[in-house]
Amino acid sequence: MKLAIIGYGKMGRLIEQLAPEYGFTAIVTVDISDDFAKAAGADVAIEFTVPEAVPSNIERLAALKLPVVVGTTGWLKHMDRVRAAVENNGSALVWSPNFSVGVNVFMRVVREASRLLADEKEYGAWAWEIHHDTKKDAPSGTMIKLVEEMQSAGYARNIDVSSSRAGRHPGTHEIGFDSGADTITLRHTARSREGFARGALKAAQWIVGKQGVFEFGDVLFSGR
């Protein structure tokens, strides 16, 4: 399969390095300022750029009918525009606030804990994260998604949300529930960017030949 990498920063270079393990034997790299026509003929694209570039990048890829995996976060306010571009062109998209397999399993654990504690009113909740100091969005897309999962599971009480940005930390997300009797703490810690790259490549394998807009959870948990 032929892979187009949109955005050739740290994540783009890591994806290029790992791509052969996932069956991608030909790779084209496309920077934001490049002519996207050079991606024509690829089987799938992986996009890791900046939030403000995502809507137009997806529109250009959809016009090529090129399925795309979007790892950039912070653009979801444009989802209606993006969805229309993909569906009107008969293309395909997989998006996620986080392409780590572990984080997506963690989200399911958090959702179940929130469901079980929804009616236990003595338990208050918090959500905290830390990332490197160059990360642009705070709270992160992953943190926003975690809180949404808690709320959709029925936890309707206040959730205290906080974010830290320091050093070169690749990312930790923590969800906690506390009562007068005890504390429950759920935590996921990333060791490096490799988990995000591998998840994006897994999604790229899956999306080839499909049409529509999907989340990474569809890749991991369909049929489970």
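The figures follow:
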{"read-out": "Tally, over region 85-98, of residues that are at pLDDT 95 or above and either closer than 14 Å to residue 184 by Cα or open to solvent by less than 40 Å² (accessible area, probe 1.4 Å) (or both)", "value": "8"}
{"read-out": "Region 118-154, subset closer than 18 Å to residue 105 by Cα and open to solvent by 60 Å² or more (accessible area, probe 1.4 Å), residue nearest to the chain's Cα centre (by Cα)", "value": "144"}
{"read-out": "Among the candidates 180, 176, 102, residue that is open to solvent by 30 Å² or more (accessible area, probe 1.4 Å) and over 17 Å from the mean Cα position of the chain (by Cα)", "value": "180"}
{"read-out": "Number of the condition not met by residue 81 [criteria: (1) modelled with pLDDT under 95; (2) assigned to a helix (DSSP H, G or I)]", "value": "(1)"}
{"read-out": "All positions within region 8-35 that are touching a strand residue (DSSP E or B) at 6+ places or on another chain (Cβ under 6 Å) and within 20 Å of residue 207 (Cα to Cα)", "value": "12, 15, 16, 19, 24, 26, 27, 28, 29, 30"}
{"read-out": "Condition broken by residue 164, with the remaining ones in (1) farther than 28 Å from residue 72 by Cα; (2) open to solvent by 30 Å² or more (accessible area, probe 1.4 Å) satisfied", "value": "(1)"}
{"read-out": "Any hit, region 35-52, residues being open to solvent by less than 50 Å² (accessible area, probe 1.4 Å), assigned to a strand (DSSP E or B) and closer than 30 Å to residue 154 by Cα", "value": "no"}
{"read-out": "Selected residue [out of contact with any helix residue (DSSP H, G or I) (no Cβ under 8 Å at 6 or more places or on another chain), open to solvent by 80 Å² or more (accessible area, probe 1.4 Å) and at pLDDT 95 or above] from 157, 115", "value": "115"}
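The values are calculated or read from the model by the stated rules, or taken from the named source; none is laboratory data. Bear in mind the structure is a predicted one, so any value in this text is a computation, not a measurement. For neighbour counting, all protein chains shown are included, and Cβ atoms are generated from backbone atoms with ideal geometry for every residue, glycine included. In case anyone asks, the SASA skips ligands and DNA or RNA and just uses the protein heavy atoms, side chains included. Shrake-Rupley method; radii C 1.70, N 1.55, O 1.52, S 1.80 Å.
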